[in-house]
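Visitor: One structure, pasted below without further comment.
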Amino acid sequence: MIREARVKCIVCPIGCEITVTLRNGEILSIKGNRCVRGAEYARQEVLEPKRMLITVIKVRGGSLPVVSVKTLKPIPKKLISKAIEALANLEVEAPIKVGDTVMKNLLDLGVDVVATRSVNSLRREESLQ
Ligand code: SF4
């Protein structure tokens, strides 16, 4: 069975509209890309799409109840729900600094999760008042 998938390349601002033709799940052709980076992006987007995960996790003893976090690399789109579930059960101790690793090797994907903002410890804030 032959099918076509259309992908908008987001690698650069030009935003080429790329058409990927597949037969039985195998790529026959990639058209509409102006460069090789676009072809690679379209190939991955059709065969195994990946996304950066940005979410929040709970903080214990912090000036805020949660801290925003992100994966350091994109992860397979099909595992996003499972990854959110794994992070929903995580609670870290304040203080947290931007860039701190809050989870190593998320779902054994070899991708770490880091904080994207800082959260002070409540005790430290109280002592500063
Ligand atoms: S195919 Fe190349 S030129 Fe076109 S949007 Fe992607 S990166 Fe940019």
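Here, each number is a calculation from the coordinates, and none is a lab measurement. If you're wondering where the values come from, they're calculated on a predicted model, not measured in any experiment. Here the Cβ positions follow ideal geometry from the backbone for every residue, glycine too, while neighbour counts run over all protein chains shown.
Visitor: Just the Kirkwood number for the stretch 1-125, please: inverse of mean 1/r across all distinct Cα pairs, in Å, one decimal.
Guide: When all Cα pairs of the stretch 1-125 are included, the Kirkwood radius is 16.7 Å.
Visitor: Any chance you could give the angle, 0 to 90 degrees and rounded to 10, that helix 36-47 forms with the longest Cα principal axis of the chain?
Guide: 80 degrees
Visitor: Now for a different question. For the peptides 39-46, 109-116, 22-29, 72-79, what is the packing order when you average, over each peptide's residues, the other Cβ atoms within 10 Å and list the highest mean first?
Guide: 39-46, 109-116, 72-79, 22-29
Visitor: When Lys and Arg each count +1 and Asp and Glu each count -1, what net charge do the other residues less than 12 Å away from PRO65, Cβ to Cβ, add up to?
Guide: +1
Visitor: While we're on this one: Given the rule -39500 (n - 2.57) for each run of at least 4 DSSP H residues, summed and divided by the residues of the chain, what is its mean residue ellipticity at 222 nm, to the nearest 500 deg cm²/dmol?
Guide: After summing the helix terms and dividing by residue count, I get -6000 deg cm²/dmol.
Visitor: Per residue of the stretch 56-65, in order, report the coupling 6.51 cos²θ - 1.76 cosθ + 1.60 (Karplus, θ = phi - 60°) as ³J(HN,Hα) in whole Hz, putting x for Gly and Pro.
Guide: 10, 10, 6, 10, 9, x, x, 6, 10, x
Visitor: Now for a different question. How much of the DSSP beta bridge set in the chain is antiparallel, as a percent to the nearest 5?
Guide: Around 90 percent antiparallel, to the nearest 5.
Visitor: If I model a spin label as a point 7 Å beyond the Cα along the Cα-Cβ vector, how far apart are those points for CYS35 and THR55 in nm?
Guide: Modelled inter-label distance: 3.4 nm.
Visitor: Taking every alpha carbon pair in the stretch 54-128, what does the distance histogram look like in 10 angstrom bins from 0, in percent?
Guide: 21, 51, 22, 6, 1
Visitor: Any idea what the dipole of the chain comes to, in debye rounded to 20, about its Cα centre with Lys/Arg Cβ at +1 and Asp/Glu Cβ at -1?
Guide: 360 debye
Visitor: Per residue of the stretch 108-114, in order, report the coupling 6.51 cos²θ - 1.76 cosθ + 1.60 (Karplus, θ = phi - 60°) as ³J(HN,Hα) in whole Hz, putting x for Gly and Pro.
Guide: Coupling constants for the stretch 108-114: 6, 8, x, 10, 8, 10, 10 Hz.
Visitor: Give me the one-decimal Kirkwood hydrodynamic radius in Å for the stretch 2-47, with the sum taken over alpha-carbon pairs.
Guide: Result for the stretch 2-47 stands at 10.3 Å.
Visitor: What list of ³J(HN,Hα) couplings, whole Hz, do you get for the stretch 21-30 from phi and the Karplus terms 6.51, -1.76, 1.60, once you set θ to phi - 60° and write x for glycine and proline?
Guide: My calculation for the stretch 21-30 gives 9, 10, 10, 6, x, 10, 6, 8, 7, 10 Hz in order.
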